[in-house]
Each structure stands twice: as C-alpha cells, then as structure tokens.
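Asks: Shown below is the structure under consideration.
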Amino acid sequence: MKYIRYIIITILGCVTTFFIWMYIQRANLDYNTEGKFLSLEEGVVYTEQAKEVYGILALCGLFLLGVLVYKLIRK
C-alpha cells in the first residue's frame, strides 16, 4: 500500500510540474490587444485565458501533492 502512495505522489508531481511549465511558457508569450498570440512556427493561436487555467491546475496539483506527502509522513 505504501508503494502505491509513492507511485501516486510521483505521477501527481510530474503532472503538476508539467502544468507549472506550461503556465510559465504561456505567461512569457507576447499577446496582442485581443489577448491572442500567433505562433508562426506551429501555426497555432494561443489565447491568454489558457494561462490562468494552467495556473489554477498547477496550484491544485501542488495542494494535493502537499496533502498526500503530509499524510505519508504522518503514517
């Protein structure tokens, strides 16, 4: 049972790291007045609202990760 918790914490840590990385990448883009960024290399338009979604997902992941690590330490 203890190893299952380690696996869950590791997976959640990787997913949270991905969301933090995506938030930082999206925050550094130069958005126009409409809140859009055009990537000419990829041919994709990024909207500024996605930045907040990645930030919220990263905070939720950090919170859940903290709770799981705290419970693991307490046992």
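Asks: Find the centroid of the Cα atoms in segment 1-41 and in segment 55-71, then give the distance between the two in whole Å.
Replies: A separation of 14 Å, based on Cα centres.
Asks: Now for a different question. Given 10 Å bins starting at zero, what is the percent of C-alpha pairs of the chain in each, up to the one with the largest pair distance?
Replies: 19, 37, 23, 15, 7, 0
Asks: Under a Cβ-Cβ cut-off of 15 Å, what is the net charge of the residues other than Glu48 that fall near it, where Lys and Arg count +1 and Asp and Glu count -1?
Replies: Net local charge, Glu48 excluded: 0.
Asks: How large is Rg/Rh for segment 1-42, to two decimals, with Cα atoms and a Kirkwood Rh?
Replies: My calculation of the ratio gives 1.30.
Asks: Express the accessible area of the chain per residue in Å², computed with a 1.4 Å probe while the remaining protein chains stay in the model. Working shown, then result.
Replies: Details: 6030 Å² over 75 residues.
With the other protein chains kept in place, the chain gives 80 Å² per residue.
Asks: Further question: Give me the percent relative contact order of the chain, please, defined on Cα pairs under 8 angstrom at least 6 residues apart.
Replies: On the way: 54 pairs, mean separation 28.8, N = 75.
Once normalised by length, the contact order is 38 percent.
Asks: Quick one: dipole size for the chain, taken about the Cα centre, charges +1 on Lys/Arg Cβ and -1 on Asp/Glu Cβ, in debye to the nearest 20.
Replies: Computed about the Cα centre, the dipole is about 880 debye.
Asks: First compute the accessible area of the chain with a 1.4 Å probe, then give the percent of it belonging to carbon and sulfur atoms.
Replies: Carbon with sulfur: 67 percent of the solvent-accessible area.
Asks: Okay, next question. Projecting each Cα onto the charge dipole of the chain (Lys/Arg +1, Asp/Glu -1 at the beta carbon, about the Cα centre), which of Tyr6, Tyr54, Thr17 comes out farthest on the positive side?
Replies: Positive-end residue among those listed: Tyr6.
Asks: On C-alpha positions alone, give me the angle between the axis of helix 2-27 and the longest principal axis of the chain, in degrees, nearest 10.
Replies: Tilt of helix 2-27: around 20 degrees.
The values are calculated or read from the model by the stated rules, or taken from the named source; none is laboratory data. Just so we're clear, the structure is a prediction, and the values are computed from it rather than from any experiment. All Cβ positions, glycine included, derive from the backbone under ideal geometry; neighbour counts span all protein chains shown. Protein only, heavy atoms only, side chains kept; ligands, DNA and RNA dropped before computing areas. Shrake-Rupley method; radii C 1.70, N 1.55, O 1.52, S 1.80 Å.
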